[in-house]
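Please read the structure below before turning to the comments.
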Amino acid sequence: MNRCGISIHGCALIAAACLSFVAADAVRAGADRGQERGWSVEDVLCFPADSEMIQWMAREFDMEMMGWKMSYTKGSPACNRDLIAKIESHYEVSRFKGDAHIDVLWGGFDRAAVEKCLPAILGLEEPRVTCARDGSITEVSTQTGTKRYLGWSQRGFFVWHEDRKRVQDFLSEKTSLRTNEDMLALLERIGRTPSPVLWIASTFHPLEEKIGIQLRGSTFVASKAAGKRETTYLFESEARARAAIAVMREKAKGKGPVEPFIQEILSVEPTVEGESIVLEVQRAPGGSKFD
């Protein structure tokens, strides 16, 4: 194991700094800025089969979020800002089992450069912390016993989580999304939207329980090019999608309280496209480019 002294500046700083680290197969030597990687189904097929929600952020969206977080960090070292500027693509992968999402990062970095910068980035509050390199895992430990793990994939991405086993399982690729038909169907739907800046695919949604009709999943896509945000609920058939709208409208007519997300769906005049209920909101003139 290689050991280097580092420090953790709390979860917020870890999210702001470490989420930008990744070891890429095609590292561009001397590059000052990362390039927009975009996203592809091929990038995510190696994610674990039990992934129930995946969120992707375009580089420009991630940069804006990181800049906002960094505004709360005083004395941030130059290498931190340089690393954040090289973000190429960022995924968050979740399971609905009570554990936090795992972050998956792409960018033009090698592992040695990241670990060299970590002491300066995280050494702002707790100086007695160690970084231990063990194979494809880098263990970050505080003096109070808190641990976080960075996992380095041979495919070129970097993952970050507090559970070492989860990181190891993610890197092992013992299972993959190739067997998760519902998630693949959601990703196919997202792929129809040009130039998204943010998307979310989830195979779980409380709507299914409230209306009693099986739901394959839902997607949310924000597209700057198309100037819209679109939410889609995917069912097994067009008949079930239409039945779902009918059930929601009946619930809205009832005397009891209506779930807020059902009210929201009906307020946007949902349409049925094949097996999907689609809600589309056009970006208001002058609104944020990420609306």
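The values are calculated or read from the model by the stated rules, or taken from the named source; none is laboratory data. Since the model is a prediction, treat every value here as computed from it, not as a measurement. Because the Cβ atoms are built from the backbone with ideal geometry, glycine has one as well, and the counts that use them run over all protein chains shown.
Scan the stretch 128-145 for residues that are exposed (fewer than 14 other Cβ atoms within 10 Å of the Cβ) and farther than 18 Å from Gln168 by Cα and report the count.
4
Residues in the stretch 215-237: is at least one out of contact with any Ser or Thr (no Cβ under 8 Å at 6 or more places or on another chain), exposed (fewer than 12 other Cβ atoms within 10 Å of the Cβ) and of a type outside the set (Gly, Ala, Ser)?
Within the stretch 215-237 (the criterion being out of contact with any Ser or Thr (no Cβ under 8 Å at 6 or more places or on another chain), exposed (fewer than 12 other Cβ atoms within 10 Å of the Cβ) and of a type outside the set (Gly, Ala, Ser)), the answer is no, since none of the residues qualifies.
Contact list please: Cβ distance under 7 Å, first residue in the stretch 240-259 and under 11 Å from Ile277 (Cβ atoms), second residue small (Gly, Ala, Ser), pairs at least six apart or on different chains.
Ala241/Ser276
Does Ala244 qualify as being buried (at least 18 other Cβ atoms within 10 Å of the Cβ) and not assigned by TED's automatic domain parsing to the domain that holds Leu45? Lay out the reasoning, then the answer.
Values: buried (at least 18 other Cβ atoms within 10 Å of the Cβ): yes; not assigned by TED's automatic domain parsing to the domain that holds Leu45: yes.
Yes.
Which of the helices (runs of 4 or more DSSP H) contained wholly in the stretch 1-119 include at least 3 residues that are at pLDDT 50 or above?
Qualifying helices (runs of 4 or more DSSP H): 41-44, 59-70, 78-84.
Which of the residues belonging to the stretch 155-173 are free of Cβ contacts under 8 Å to residues at least 24 places away in the same chain and within 26 Å of Ser40 (Cα to Cα)?
Ser172 - this is the single residue of the stretch 155-173 that is free of Cβ contacts under 8 Å to residues at least 24 places away in the same chain and within 26 Å of Ser40 (Cα to Cα).
Output the number of residues of the stretch 122-145 satisfying the condition of being in a strand (DSSP E or B) and at pLDDT 90 or above.
5
Which ones in the stretch 172-184 are hydrophobic (A, V, I, L, M, F, W, C) and either buried (at least 18 other Cβ atoms within 10 Å of the Cβ) or under 25 Å from Leu122 (Cα atoms) (or both)?
Leu177, Met183
What about Lys174, is it more than 18 Å from the chain's Cα centre (by Cα) and assigned to a loop (DSSP other than H, G, I, E, B)? Outline the logic, then answer.
On the way: more than 18 Å from the chain's Cα centre (by Cα): yes; assigned to a loop (DSSP other than H, G, I, E, B): yes.
The answer is yes for Lys174.
I'd like the residue in the stretch 146-157 that is at pLDDT 90 or above and touching a Cys at 6+ places or on another chain (Cβ under 9 Å) and, out of all such residues, is surrounded by the fewest Cβ atoms within 10 Å (Cβ to Cβ). Outline the logic, then answer.
Here is the first cut: in the stretch 146-157, the ones at pLDDT 90 or above are 149-153.
Adding the requirement that they be touching a Cys at 6+ places or on another chain (Cβ under 9 Å) leaves 150, 153.
Values: Leu150: 26, Ser153: 18.
The selected residue is Ser153.
Please state which of the following conditions Asp169 fails to meet, knowing it meets all the rest: (1) farther than 26 Å from Gln263 by Cα; (2) surrounded by fewer than 16 Cβ atoms within 10 Å (Cβ to Cβ).
It fails just one condition, (2).
Give the number of residues within the stretch 181-201 that are outside any strand (DSSP E or B) and farther than 15 Å from Ser40 by Cβ.
Looking only at the stretch 181-201, we keep the residues that are outside any strand (DSSP E or B), and these are 181-195.
From the residues that got through so far, the ones that are farther than 15 Å from Ser40 by Cβ too are 181-182, 185.
So the answer is 3.
Ser223 - would you say it is in contact with a helix residue (DSSP H, G or I) (Cβ under 6 Å, 6 or more places away or on another chain), modelled with pLDDT under 95 and not aliphatic (A, V, I, L, M)?
It is false that Ser223 is in contact with a helix residue (DSSP H, G or I) (Cβ under 6 Å, 6 or more places away or on another chain), modelled with pLDDT under 95 and not aliphatic (A, V, I, L, M).
Pro194 is checked against (1) of a type outside the set (Ser, Thr, Tyr); (2) in the same structural domain as Pro77 (by TED's automatic domain parsing); (3) at pLDDT below 85 and fails just one. What number does that condition carry?
Every listed condition holds for Pro194 apart from (2).
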